[in-house]
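If you scroll down you'll find the structure; I have some questions about it.
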């Protein structure tokens, strides 16, 4: 499996723990498979039931629409670079009350653009409702156009309580972007970091823990 480059963007002034590990019991706080948003594929779509679209455009895909397959070969999914040469961002309409020191986990199924365009990038992140700024995010790239659906995910723990929205953003300007499906946000018991991958940075009053990984979908 080809390893993808990942960039971590930490915008909260606090201590930072980065590592991978095994999460325990999970409670799903939010999920969306995009299956019921529209009956047909549509360019520059803004009618998502659970998300607002900004910073560009996305295309809505019914499986096989525009020659694009969704995860599992059925339902709906999103092309994160719409048809205006400006990739878009989706942000949840729902807000989530996150407690300090609790562990949370955001994941989605992502493939390359499936249309033979250039490699793409995608960001998963958390936005503070009060300041409308990103608290923490993970960016993956460059994702080649022929990359199959894989699970892209990260876990994190914030140093303070926050009310947040989730966001996912594509990067590109060629009207063919990474394909997104099956987003899940959950809370979990804290992971046990693997010693070889544990990194401690800073001595801020808060602690952010972030575990990130990519695995091939079975």
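Can you sort 62, 188 from fewest to most other Cβ atoms within 10 Å of each residue's own Cβ? Before the final figure, lay out the partial values.
Values: 62 20, 188 17.
Fewest to most other Cβ atoms nearby, the residues stand as 188, 62.
Would you mind getting me the FRET efficiency between residue 86 and residue 27? Use the beta-carbon distance for r and R0 = 25 Å, nearest 0.05. Intermediate results must be reported in sequence, preceding the final value.
Values: r = 36 Å, r/R0 = 1.45.
Here the calculated transfer efficiency is 0.10.
Next question. Give me the compactness ratio for the range 51-123, meaning the Cα radius of gyration over 2.2 N^0.38 Å.
Working: Rg = 14.5 Å, N = 73, 2.2 N^0.38 = 11.2 Å.
My calculation over the Cα atoms of the range 51-123 gives 1.29.
Stretch residue 93-residue 163 to full length: gain in nm at 0.36 nm per residue minus the Cα-Cα span?
On the way: separation 70, 0.36 × 70 = 25.20 nm, distance 1.24 nm.
Fully extending the segment from residue 93 to residue 163 adds 24.0 nm.
Hey, another quick one. Over the Cα atoms of the range 34-165, compute the convex hull volume and normalise it per residue, giving Å³. Display every interim value, and only then the final one.
Working: hull volume 14.2 nm³, N = 132.
Here the figure is 107 Å³ per residue.
A short reminder: the numbers here are calculations on the coordinates, not readings from a lab. Owing to the predicted nature of the structure, the values given are computational and were not obtained by experimental measurement. Virtual Cβ from ideal backbone geometry, glycine too; neighbours counted across all protein chains shown.
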